[in-house]
Structure formats: C-alpha cells, structure tokens
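Where a number appears in this text, it was derived from the coordinates with a stated rule and is not lab data. Small disclaimer: the values here were computed from a predicted structure and weren't measured. Every residue, glycine as well, gets a Cβ built from its backbone with ideal geometry; the counts of neighbours run over all protein chains shown.
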Amino acid sequence: MVQEKLYAVPYAEKKKNLCSLCRGYRGLCGKSVCPILARAKALLSGDIKEVVFGASPPAIFIGSSGYPKVLAGPLLPPLTEDTEIMDMPELWVNKSLQDIIGYRTSLIRGKSVVEVTSAAEPDRTTTKIQEIVMASRPTDIEATFEKKPNLSLSFSSRAPPSGPSAMLKNLKLAENPKVDRAVDKIVYDTDMKASEGVIELYSSNIPQSRITKILSAGLLGTKKKRRFVPTEWSITATDDIIAKALHRELKDYPQTEDYMLFSFSALANSVHILLFPSSWFFEAQEVWITSGNPAIGLDYELAMGRKSYAKDLEGAYYAARVPVLEYLSSIKRQAGALVILEVYPDWIPLGVWRFRELCREAFRGGHHFDTLNEALAALSKNLALPLDRYTKRSIVLRSFLTQKKLTDYGS
C-alpha cells in the first residue's frame, strides 16, 4: 500500500506555497486584495443552501489533517450540466487562471470524519463516496449539510484548491453511476496490490486524475489493506507508481542518438525539457522568479532511479518525471533528461498537475540538434534566468559530460 512517510506533504512544501499559509487574509504576497478570493466571491455571490443538488464531476477530497482520522467527502457544484472539466486537470492546460479558479470555487466540499481503515469496510456514506469516484461521467447527487457552506478557499501544494465546505448530514445518489469495465474489474479484485491496480488502470487508458481519485478513495489494494489516502498524498503516489513502471521498461531500450528540446509556457509557468544521448538520467530544477536573485531547487536521479523523497522540488519532481518517461516509452528510447521549471510572479497556487500537463503539452512539438552546444543555445533563448544559472548546478549534465563510453576506449 502507499508509503505514508514517503508521500505525505512535509511542512517545508506547504511553507513554500504562500497561499496555503495565508488563505487570502494575511497579505503575505504583498497584495492589498487577494485576487483569488475576489474572484471566488464574485462567482459565489448567490446564496448557497443547506441542501445542494448537482452533478459531481465526479470528484472527492480526502484531507490529511488528523491522520489517520480524516475528513472525506464529495465535491459538487449546484449544477446538473456536464461538470467533468471542473476536476480534470488534463483539460486545463489551455484554460486561463480565471477559468480554473471558476471551476474550483464552484465546487462545494462535503465533509465527514472517517478512519482511513474504514475504506475496507465502508459504512453507507463512505460507500456512496466510493461509488461516486468509480463513475466514468458526472453523477447527480444530493448533499445535505449541517449548516450553509461558507465561502472559503483551501489551498494545497499539490492538489487544486477547493471552495466552500461544510459537514455532511446526508448524501444521496440520484442515479446509478456509470462505471467503466476496467475500473469495475480492478476495484473488485481484492487480491491485487494497490500499485498493480494503478498500473492496470493506467494501461487501460483511464485518465490519471481519475486513477488518483480511485486510489484516494481506498478502492485499490488487497481487501484488508485498503485505506483512504489523503488527496495530496495520492497525487504524488500515483505519479511515482506510474514512473517506476515506465522506468523498468526503459532500461531495455537503446539510447537516443541526438539532442532534443521541448518547451511550453502557460498559466504563468514554463517548462523546458532537454533530452541527450545517455542511459537514464533525470534532473528537475525549479525556480520561483519572485525576487531579484531567486533560489533554484534541484533534485535528480541516475540510471537506477530514485528511492528517497525529492526534498527540494517535492511533488513537482514526480509530476514532471512522468511525462518524460511517457515520451521515451512512446519512442522506445532511453535518454538523459534535464527539466527546467520556471514559475512567474502572476502564478497562483493550483497544484503540481500543471507541471505534468505542461510537460505533456511540450512533447507535442520539439526540435532536434546534432550537438549539446546547439541545444543549449536554443534553450537559453527561452529562459527567464541566464542559462549558466542552471548548467553550473546541473548534476546530470556534469555526469553526462564526464562519463566514459565504450567508444572512448577504441575498438
């Protein structure tokens, strides 16, 4: 099952995200008015009742505070239209920050206190929460709250923000959820390990955001070991499980023969991915360009992969690694990879999904080069910081330039 210590969000990761500490009320970013709360209040100017009927995207949120006793419940808007996009980051990369805030602040979070172990033997409410997550399309539900949900925003270093919330009094499904055959088969296989279930769902082309929710809802794993997994933890756990499976396949592929550069910018973030002929190396550098001399975080792994937690980039490292491995898997090659993640002042915290989806978008295009110098020259034109700020720190580039190849020893 999920390794709690590995995937739990450390305080340092939360501290890096000002909004997760401020929540719009303390002005830590220096702005007199929080743009996120201003937008949220405009969207939710209508009165929210104690009873809400709407189509869950489907979506749930499992908290981490108080673990192993946590708050769990569905997310639903007071709408009965197609709401899938509200909780599907795969569809957000070409949306505006305002659009995404609108999706998230429209979702009302119902909360019930649950023991994480109760996923194995769920009661009536937790059974309904699990049924909602299994659905392949939005499902109409009715949530009755103990009191009117108040406007508030909850920020996370990994997950998208969530809007108004209140304790659940009652939860009803107004229709039977439509469930994909692959999901149904794997969820009811109580002899399959959770990691195997994640890979089976991924291989069945179930969107990663849905896999994360299914894992979070305690629907994967052998029967007695099933647990509710906090949403923040399940995001990184899913990234890590998929990456490790792709990495195992990668070791049998031949190396690339040239240098490749992929870039994409959106949502006040940019990603730049340099692939070079080598056995598997991976390094991610992240910088928040919010001061005159911003610090660059760095984590890396060599050919055998990574076992310890990426302490500098945390969840962003795991989110960026998956698309690189997906691309190499698609071309049946292995390579070294340097990924540069730049975050600009206009960014507001929406979770690490943006690095995963920006990288996936970057791989839709790209340029090939014969030499490393040509690739680096092209890369330097797209960066906000000077290239040498990154290359001087890079461990994988240094290893690549100094490693010995069989051809170095002659025939």
Inset, instruction - Would you pull out the residues with amide H under 5 Å of Q285's amide H, same chain only if 5 or more places away, H placed 1.01 Å from N? - result: V339, I340, L341
Legend entry - Reach of K148 by Cα under 17 Å, taken over aspartates and glutamates that are not fewer than 8 positions away in the same chain: D47, E50
Legend entry - Distance between modelled label sites at R389 and D99, nm, 7 Å Cα→Cβ extension: 3.0
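Hand me the trypsin sites (Lys or Arg not before Pro) from the stretch 288-328 located in a DSSP loop with no more than 14 other Cβ atoms within 10 Å, in residue order please. Intermediate values should be presented prior to the final figure.
Details: sites: R306, K307, K311, R321; in loops: R306, K307, K311.
Loop-located and lightly packed - K307, K311.
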Legend entry - Rg [Å, one decimal], Dmax [Å, integer] - the stretch 54-99, C-alpha atoms: 13.2, 37
Legend entry - A295 paired with N382, simple spin-label distance in nm, labels 7 Å along Cα-to-beta-carbon: 2.8
Inset, instruction - For K172 and R137, calculate 0.36 nm times their separation in residues minus their Cα-Cα distance, and state this gained length in nm to one decimal. - result: 10.9 nm
Inset, instruction - Counting helices only, and only those DSSP H runs with n ≥ 4, report the 222 nm mean residue ellipticity of the chain as the sum of -39,500 (n - 2.57) divided by its residues, in deg cm²/dmol to the nearest 500. - result: -9500 deg cm²/dmol
Legend entry - Computed FRET value (nearest 0.05) for S203 with T127, which takes r as the C-beta separation and R₀ as 41 Å: 0.90
Inset, instruction - Over the alpha-carbon set of the chain, work out the extent along each principal axis and list the three values in angstrom, largest first. - result: 75, 54, 34
Legend entry - Spacing of the two label points (7 Å from each Cα toward its C-beta) at R398 and A268, in nm: 3.3
Inset, instruction - May I ask you to list the GluC sites (Glu not before Pro) in the stretch 148-213 that are in a DSSP loop and have at most 12 other Cβ atoms within 10 Å of their Cβ? - result: E175
Legend entry - Segment K193-E115, extension gain: residue separation times 0.36 nm, minus the distance between their alpha carbons: 26.0 nm
Legend entry - Cα-based equivalent ellipsoid, the stretch 259-403: semi-axes from gyration tensor eigenvalues, Å: 21, 17, 16
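Summing +1 for each Lys or Arg and -1 for each Asp or Glu, what net charge is found among the other residues whose Cβ lies under 14 Å from the Cβ of R360?
So the surrounding residues net to -1.
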Inset, instruction - Would you mind checking the pairs K95/K213; K185/K244; K128/K172; K128/K213; K193/K225; K49/K147 and listing those with alpha carbons more than 18 angstrom apart? - result: K95/K213; K185/K244
Legend entry - Sparse-neighbour loop sites [trypsin sites (Lys or Arg not before Pro); the stretch 94-161; at most 10 other C-beta within 10 Å; DSSP]: K147
Inset, instruction - Would you kindly state how much longer the chain becomes between T371 and E50 on full extension, computed as 0.36 nm times their sequence separation minus their alpha carbon distance, in nm to one decimal? - result: 109.2 nm
